1. Mind listing whichever residues of segment 50-102 are farther than 29 Å from ARG172 by Cα, among the hydrophobic types (A, V, I, L, M, F, W, C) and touching a Leu at 6+ places or on another chain (Cβ under 8 Å)?
2. Please find, among LYS369, LYS412, the residue that is surrounded by fewer than 22 Cβ atoms within 10 Å (Cβ to Cβ), in the same structural domain as ASN443 (by TED's automatic domain parsing) and either in contact with a strand residue (DSSP E or B) (Cβ under 8 Å, 6 or more places away or on another chain) or under 30 Å from GLN576 (Cα atoms) (or both).
3. When the residues of segment 73-91 are narrowed to those that are acidic (Asp, Glu) and modelled with pLDDT of 95 or more, which ends up surrounded by the fewest Cβ atoms within 10 Å (Cβ to Cβ)?
4. Return the residues of segment 145-167 that are in contact with a helix residue (DSSP H, G or I) (Cβ under 8 Å, 6 or more places away or on another chain), of a type in the set (A, V, I, L, M) and at pLDDT below 80; say none if nothing qualifies.
5. Looking at GLU324, GLU309 in this structure, which one is buried (at least 16 other Cβ atoms within 10 Å of the Cβ) and either farther than 30 Å from LEU192 by Cβ or aromatic (Phe, Trp, Tyr) (or both)?
6. Taking the residues in segment 429-466 that are among the β-branched types (Val, Ile, Thr) and assigned to a strand (DSSP E or B) as candidates, determine which candidate is surrounded by the fewest Cβ atoms within 10 Å (Cβ to Cβ).
7. I'd like to verify a number: residues in segment 109-125 that are among the aliphatic types (A, V, I, L, M) and modelled with pLDDT under 95, how many?
Amino acid sequence: MHISNIKLWNYRKFGSDSEIDLEKPNLDLNLNKGLNVIIGENDSGKTAIIDAVKLVLKTHSYDYIRVENKDFFKDASRFRIELIFENLTPNEAKNFTEWLGWKGTGEDAKPFLKINYDVRQQDEKILPADVKAGIDEDGYLLTAEAKEYLKATYLKPLRDAENELVAKRNSRLSQILLGDTAFKGKEKEHELVKIFESLSEELKKYFKGEFETTLTNEAGEEQTIRPLEGKQIKDKIDGYIKGFYGNNYETEFNATSNDIKSILEKLTLFLKDEPNPGLGTLNRLFMAAELLHLNKSNWSGLRLGLVEELEAHLHPQAQMQVIEAFEKQDTIQLILTTHSPNLASKLKLENLIISNNGYCFPMGNTFTKLGSDNYKFLEKFLDTTKANLFFAKGVILVEGWAEEILIPSIAKAIGINLTEKGVSIVNIGHTGFDHYAKIYLRNEEPFMKIPVAIVTDSDVRDYEKIGDDYLKRDANTVQQEEQQKIANINGKAEQIVKYFAASKWTLEYSLFKSTSLTAVFQNAAKTVHTGTDWNTDFEKALAKKLIKKSLKKTEIAYQIANAIDEDLIKPFRTIQIAVDDDADSINYLIKAIKYAAGN
C-alpha cells in the first residue's frame, strides 16, 4: 500500500480566505508509489506536506506531534488533511476492512483507504479531533490497532544521527531492531539474553575474586590467574555498606539486562574501521538502519519513509550515492524534501515534485507536456548547473555563455538584481529550448507561476557570402524575414513560458546595432580581436566573423559585462541603457529580464 494522493485545505500556506470547499482542495497532490522528491525554493511548502502526513499518521519513533495554531492558514478556523491509500494487498487490506472503499467493478475492483483529519479552533483554542476513515465526508474513527499499521518513519532535518545510534534508554536503534523478526517476540528466549546471562555470572565472579583467566608469560608458558582488582573494589564498597546497614550486608555486581529490549538499548552502531565517524557517515548509517526497519518482513502495514533535507551533512558525491540507493527501493514509499541541485540533477524527472507559490507540480508524464524524448534528453543533460532552475522564482533560458555572462550586468544597469529576485539564468548550450520549457508546461490547471523567459537569436542574416565577398542583403527583405521569424518564435509562447528573440540576427549583431551599447561592443570587439581590421567597415567585418563563426563571443561578452559593472560604481555613469526603448535592438533582453524578475 502507498499514499496515492494528498489533499489539504487551509493547512499552513495551502489555503484561501474562503470557507473550505471539499470539491476544491488548496493542494491536490498525486504521489508515486516509490520515490517522491519535493524540491523548490525556501518557504514554498515542502515541509508543510511532510508535516501534514506526519500529523495524521504519527511515527514509529513516537515523536511528539500535536496540532498548533500556526497549522491553520492565516485566520482560518478549520483545516483538513485527507490521504488516500491504494495498492493494498489482501494482507494489508484486512487491517482496515470496515473503512475500505472500492474502485472499479467486479473482478477489477480494487480496495482503497481514505482517511481524514479535520481540525477546528475557536478563539485560538484548538478543539479535540481524531483521525477518521471511510469513503464519505466525515468517516469513522480508526481504532488504535489500525493506526499502528499506518505509522510512518520520519527523519527530521539536521537530524542528530549520532544521538539516534548510541546506546541509551529507548534508543531509536533499539526500536528498529526490536521490530525485526530476529528479535520480535523473543523477549526472554533470545540468544543475546543467554549471552548476557553468561556475562552476568562472569561479572559476579570478577568482583568476588573468583574469575580466572589465562595469560602467557615471556617464556611462552601459560598461567591461570585470578585478578583481584574487582574484589578490592567490592570490599571497599562492602565496608561502607556494613557501616550503613550492619555486618550482615554486602553488595553484588550484576548485569541487569535480562530481556532483549534492555540489551538492545546497550548497542551502538558504527561503521567498521571508522573509529571517529563524521556527521555524514553517521547520517548514512542512520538512514541504513531506518531502511532495515521499513523493509522488515512479516509486516502488513504501511512502509513509508519521510525524510527532510536528504542532503544534510552529505557532500555532493555522497548525496548521489544515497539517492541511487533510494531509487532501488521497490517495496517502500519515500517522500523526501531537498534544496540540493545535485540531487535534482541525478533524479529521474518522474520522481520530482516542484513546490512553488502554494502549489505542487509532479513531473510525471501524466501531468506535464514533456514527451518521452524530452525525458530521455533531460535525464542526460540536466546537470547540476541547470538543475538550479527548480529552485528559482524566475528563469531565463539562454543559448550560450555570452548571454549568461552579459544578462546579469545589463539587469543591474537597469536597476534589477537577479540574485535578489531569485532568478536563475540557465545556459543550455544550444537551441533545444523545448526540452527545458516543457518542464513548466502542464497538461491542465493549475498552471505554474514561475515566469520562464527564453532568450534566442532570430538568426536572420543581414549579410550573405557571395563568392569571396560578404554583401549586405536587401533591407526590406531582411526586415520582412525578421518580422516573420520573430512572430513564429513568439508564437511558441504558452502558459508562463515566453520567448524573446533578437531583433537583429544574433546577440552580438544586436549589440552592435544597439543605440546604448554599440560603442561598448565595438571597444570590446577591438580589444578581443586585435588582428582584425575594424576601421574600414566594422559592420562588414563583424558580419564576416559571424558567418564564419570565428567571433569570440564569450570573451567579448566578458569585456562588455566588465565595462558595465565598472560604470555602475562611477560617480557619473556613462553607459545609459534605456528600459522601455523599443527602438533599441537590445530591448528584447530588457523585456526578458523584466518578465523573469516579475517587473
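The values are calculated or read from the model by the stated rules, or taken from the named source; none is laboratory data. What you see is a predicted model; the values in this text were computed from it and never measured. Backbone-built Cβ (ideal geometry, glycine too); neighbour counts: all protein chains shown.
1. PHE79, TRP99, LEU100
2. Only one candidate passes the filter, namely LYS412.
3. Looking at residues that are acidic (Asp, Glu) and modelled with pLDDT of 95 or more, I get GLU86.
4. Listed by number, the residues that qualify are ALA161, LEU165.
5. GLU309
6. Taking segment 429-466 as the starting set, the residues that turn out to be among the β-branched types (Val, Ile, Thr) are 431, 439, 450, 452, 454-456, 460, 466.
Cutting the leftovers down to assigned to a strand (DSSP E or B) gives us 452, 454-456, 466.
Numbers: VAL452: 27, ILE454: 26, VAL455: 24, THR456: 22, ILE466: 9.
Only one residue fits best here, namely ILE466.
7. Matching residues across segment 109-125 total 1.
Results for (1) surrounded by 20 or more Cβ atoms within 10 Å (Cβ to Cβ); (2) among the β-branched types (Val, Ile, Thr); (3) assigned by TED's automatic domain parsing to the domain that holds LYS472; (4) at negative phi, shown as yes or no for each residue.
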position	(1), (2), (3), (4)
LYS540	no, no, yes, yes
LYS552	no, no, yes, yes
ALA557	yes, no, yes, yes
ILE577	yes, yes, yes, yes
ASP580	no, no, yes, yes
SER585	yes, no, yes, yes
LYS591	no, no, yes, yes
